[in-house]
Amino acid sequence: MWIGIDDTDSPHGMCTTYLGALLARHLEESGMEIRSLRLVRLNPNIIWKTRGNAAIAIEVEGNPDSAFSIASELIEELADLSCETTNPGLVLCEESRPPAAFAEEAITGFCSIEGAIAACEDINARFALWKNGRGIIGAVAAVAAELSDATSEYLVYRDANLHTSTRFVDPVSLRLAEEMTYPGTWDTCDPENKTIVCVPHTPDPVLFGIRGNDPVWISLARNLVISEASVLEAIFETNQGTDAHLIHGSMQNLEEGRSYCVPGTVTSPPITGIGGHVTLRITDGKDHLICMAYEPTRGFRDVIRALAPGDRVYVCGSYKKRSLNLEKIRVLSAPPGRVVGAPLCESCGKKMTSAGRDKGYKCRVCGTRSREPCISYQERRIHPGWYEVPPSARRHLARPLCRGEPVFWDPPQDYSREDYI
């Protein structure tokens, strides 16, 4: 059977992953067998999310009545029900799971409470809602999800009563862990910006988390980390680092709150605005799209600034307020800049000057004239390939390039790999 839970945390404390890990422990202590522990990230653009929009699914062998009772009691005890925006949901599926399409829509788009309830009723699943019950959407999606490109996360928890105190996790040991296990693990640190990524700053029980390709790599990294004592540790199978939220789109069909991959051509030089945000405009020949690289993306903005009109790109990010917030970009072509200038005089070798509009060039020394300009090509600071935001600005679902070329990458029909790599 599968158990799904979501929306038990709040901006003031608790964490759904902690409640899920604790539930798995309670189920084991009651004599049940845990077969799978999953952390499923949903659409990162949902306005009701607390932090990473994570839901939990547990595959367990045991008594359904007992499992549902234990889960319900734990939610009653630990969920931050005093918070207006905390609305837990719980589902238990005994024989069949909800359709994977429901999870796909929850990860890339939007689902309703009514739709989640209907999905439960269609398979005779047990479910429970607290308050408005919005968490049932994530609970059903977590159980329904098919993790075809699964990764892992090792989450270490501290005493929940200490959630407002400063965490102690030795930064030197974290950097060593990253050095020893990268690219088997990623986003532990952000070397370029000299920051630690895997230690949260929010008031919840998470002490730190290590993300990676599989349980072996993250366990190796965890064993290298020096920190305050933990009270609970768990390894989750997850869809983090997979780009599961991205869908192919065109400029004609972008929908607010979804995340897309869109091909286009740069129309004008990028503009750096107030606060350091960089605006990029692209076109598909019919419509135009504004793309944004915000200040927290740091050095990634220099990549965007290096683009020029005529460059062909493939942009990826979330569509909000009529612009695409960039997460990564593929530069398809960035030809050398064509510079038109005055030629050298063939008679005396001096540089000519303009003879007037549409009159060509004239040597001011010997009077020789020429109609042809001097054409030169300027080396670019940017070359074809993928570019991504730094770890400190990366979303949970975004696939880091250290995992290889994005699996969604579907070259435009006129794209030739040999031409651009």
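Of note:
- On Cα atoms only, tilt of 16-29 relative to the major axis of the chain in degrees: 40 degrees
- Considering only alpha-carbon pairs that sit under 8 angstrom and 6 or more positions apart, the relative contact order computed for the chain is 14 percent.
- Using θ = phi - 60° in the Karplus curve 6.51 cos²θ - 1.76 cosθ + 1.60, the 3J(HN,Hα) couplings for region 312-318 round to 9, 9, 9, 9, 9, x, 8 Hz; x is entered for Gly and Pro.
- Straight-line reach from residue 49: taking Cα to Cα under 21 Å and skipping same-chain neighbours fewer than 8 places apart, the lysines in range are 131, 320, 321.
- For region 36-51, Karplus couplings with θ = phi - 60° (6.51, -1.76, 1.60), whole Hz, Gly/Pro x: 7, 10, 10, 10, 10, 7, 9, 2, x, 9, 5, 6, 8, 5, 8, 9
- Dipole of region 1-145 [Lys/Arg +1, Asp/Glu -1 at C-beta], most positive-end residue of 99, 30, 44: 44
- Residues residue 376 and residue 168, FRET efficiency given R0 of 60 Å [Cβ-Cβ distance, rounded to 0.05]: 0.55
- Charge dipole magnitude, Cβ of K and R +1, D and E -1 - region 115-189, Cα centre, debye nearest 20: 440 debye
- Cleavage-rule hits, GluC sites (Glu not before Pro), region 71-106, DSSP coil, Cβ neighbours within 10 Å at most 16: 84, 94, 95
- Theoretical FRET efficiency, 1/(1+(r/R0)^6), r = Cβ-Cβ of residue 347 and residue 265, R0 41 Å, to 0.05: 0.45
- Once the gyration tensor of the Cα atoms in region 123-176 is diagonalised, the equivalent ellipsoid follows with semi-axes of 34, 20, 8 Å, ordered largest first.
- Among 318, 66, 354, residue whose mean-square fluctuation peaks in a GNM of the chain (springs only between Cα atoms under 10 Å): 354
- Apportionment of accessible area to carbon and sulfur, region 16-157, percent (1.4 Å): 45 percent
- Choice from 397, 27, 39 with maximal GNM fluctuation in the chain (Cα, 10 Å cutoff): 27
- Overall form of region 235-360 per C-alpha gyration tensor (a/c, 1.5; a/b vs b/c): prolate
- Taking 172, 313, 340 in turn, the Gaussian network model of the chain (Cα-Cα springs below 10 Å) assigns the largest fluctuation to 340.
- The Cα atoms of region 124-225 give a gyration tensor whose axes a ≥ b ≥ c have a/c of 1.5 or more with a/b no greater than b/c, which makes the shape oblate.
- For region 211-269, a crude dipole built from +1 on the beta carbon of Lys and Arg and -1 on the beta carbon of Asp and Glu, taken about the Cα centre, is about 140 debye to the nearest 20.
- Entry note, the chain: the mean residue ellipticity at 222 nm calculated from DSSP H runs of n ≥ 4, each adding -39500 (n - 2.57), is -6000 deg cm²/dmol after division by the residues and rounding to the nearest 500.
- Alpha-carbon gyration tensor eigenvalues x 5, square-rooted, for the chain, Å: 52, 23, 17
- Spin-label zone in region 289-308 - amide nitrogen under 19 Å from a point set 7 Å from the Cα of residue 383 along the C-beta vector: 300, 302-308
- Fully extending the segment from residue 175 to residue 192, taken as 0.36 nm per residue of separation minus the present Cα-Cα distance, adds 4.9 nm.
- Region 177-327 - accessible surface per residue (Å², probe 1.4 Å): 43 Å²
- Helix 171-181 and the long axis of the chain differ in direction by around 80°, with both axes built from C-alpha atoms.
- Only the Cβ atoms of Lys and Arg (+1) and of Asp and Glu (-1) were treated as charged; on that basis the dipole of the chain about its Cα centre amounts to roughly 3580 debye.
- Between 0 and 90 degrees, the angle of helix 135-144 with respect to the longest Cα principal axis of the chain falls at about 80 degrees.
- Backbone phi angles across region 344-352, fed through the Karplus curve with coefficients 6.51, -1.76 and 1.60 (θ = phi - 60°), yield HN-Hα couplings of 8, 5, 6, 8, 10, x, 7, 6, 6 Hz in residue order; Gly and Pro are listed as x.
- Computed from the C-beta positions of residue 286 and residue 320 and an R0 of 25 Å, the FRET efficiency is 0.70 to the nearest 0.05.
- Whether region 201-276 is rounded, prolate or oblate, judged on the alpha carbon gyration tensor where a/c under 1.5 counts as rounded: prolate
The values are calculated or read from the model by the stated rules, or taken from the named source; none is laboratory data. Note that the coordinates shown come from a computational prediction; the quantities given were computed from them, not determined experimentally. As a convention, Cβ positions derive from the backbone with ideal geometry for all residues, glycine included, and neighbour counts pool all protein chains shown. We work out accessible area using only protein heavy atoms, side chains counted, and drop any ligands, DNA or RNA first. Shrake-Rupley method; radii C 1.70, N 1.55, O 1.52, S 1.80 Å.
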